[in-house]
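Single-structure report; data block below.
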Amino acid sequence: MIKEERYRAILAMLDKNQTVEVAELAKQLDVTDMTIRRDLQALENDGLLIRVHGGAKKRDSHYIELSHNQKQDINVEFKKHIGKICADLISDHDTVFIGSGTTSDSIFDYLGDKHVNIVTNSINVFQRVQNMPNIEVILTGGRYRKKTGTFYGYFANKLLTEIKVKKAFIGTNGISGTNITTANEEEGYGLQLVLNHTIDRYILADSTKFSIEAFFTFCDVKDITALITDHQLNPHVEDYYSKYTKIIK
């Protein structure tokens, strides 16, 4: 088994069990203990795990939710890069869903004069496009969550169950294993409804979002069209996720 395959296998076992042992890994992967220790050292150097006596454990992935305003000045270049990719994926006269989040905000810097029908649950997205003559926008309404600028709950969900869009662009608070997560379960349920009524499903996640786990899992990596990220994504992480879905960066 080549090195990259061992890395994938180690990370998969770690996602499943939270901890791994050198002896068990060596047995399962049919290599020496020394080889596994070198692999664990390399993965620790890349920030993907923490070595402990006799093995390794998952890196602490606790997520602390920030407000929309607090996140605006974080990883700005990554967000611009992802926003441009999203805009390039949107065709003239597409009907798309764009979720809340500061990464989603960057899409509108690159849309140009494309005529697009947008459905959103984000007050920030709505405010950004409401005066753009080439954009038709539907705001879901519902209960308003000030921290993220998101509408959620019964009335928002009622609309989301009745629409169908060609493409959805949805941010995430963190990706851990194959779990795509968000901090609030009611927002997450709304995102599940969107994805169930979407043809092409894109998750926006800059490289800092990987190995982070927020409270609620709203989607599995295996069920999306692609992960849109940036060029700083760790090669081992990219290799791991590319077996589940397409990576665009």
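Laboratory data are not the source of any read-out in this text; all were calculated from the coordinates shown. These numbers come from a predicted model, not from an experiment. So basically every Cβ, Gly included, is an ideal-geometry build from the backbone, and we count neighbours across all protein chains shown.
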Could you derive backbone 3J(HN,Hα) for segment 99-105 from the dihedral phi with the Karplus parameters 6.51, -1.76 and 1.60 (θ = phi - 60°), listing whole Hz in sequence and x where the residue is Gly or Pro? x, 6, x, 6, 5, 4, 4
Which residue fluctuates the most in the chain, going by a Gaussian network model with Cα springs under 10 Å, if the choices are Lys57, Lys164, Lys16? Lys16
For the chain, modelled as a GNM with alpha-carbon contacts under 10 angstrom, which of Thr103, Thr120, Thr198 fluctuates the most? Thr198
Let me check I've understood the local charge: for His197, count other residues with C-beta under 9 angstrom from its C-beta, Lys and Arg +1, Asp and Glu -1. What total comes out? 0
Give me, ordered by chain and number, the residues 5 or more places off Asp200 or on other chains with an amide H under 5 Å from its own placed amide H. Lys167, Ala168
Of Leu48, His197, Tyr152, which is farthest along the charge dipole of the chain in the positive direction, counting Lys and Arg as +1 and Asp and Glu as -1 at C-beta? Tyr152
Among Glu213, Glu185, Glu162, which one shows the biggest mean-square fluctuation in a GNM of the chain, springs joining Cα atoms closer than 10 Å? Glu162
As a test, work out the antiparallel percent of DSSP beta bridges whose residues both lie in the chain, rounded to the nearest 5. 40
Tell me the net charge near His115. Cut-off is 12 Å between Cβ atoms, His115 excluded, with +1 for each Lys or Arg and -1 for each Asp or Glu. -3
Give the lysines reachable from Lys249 as a straight Cα distance under 19 Å; neighbours fewer than 8 places away on the same chain don't count. Lys79, Lys80, Lys84, Lys167, Lys209, Lys222
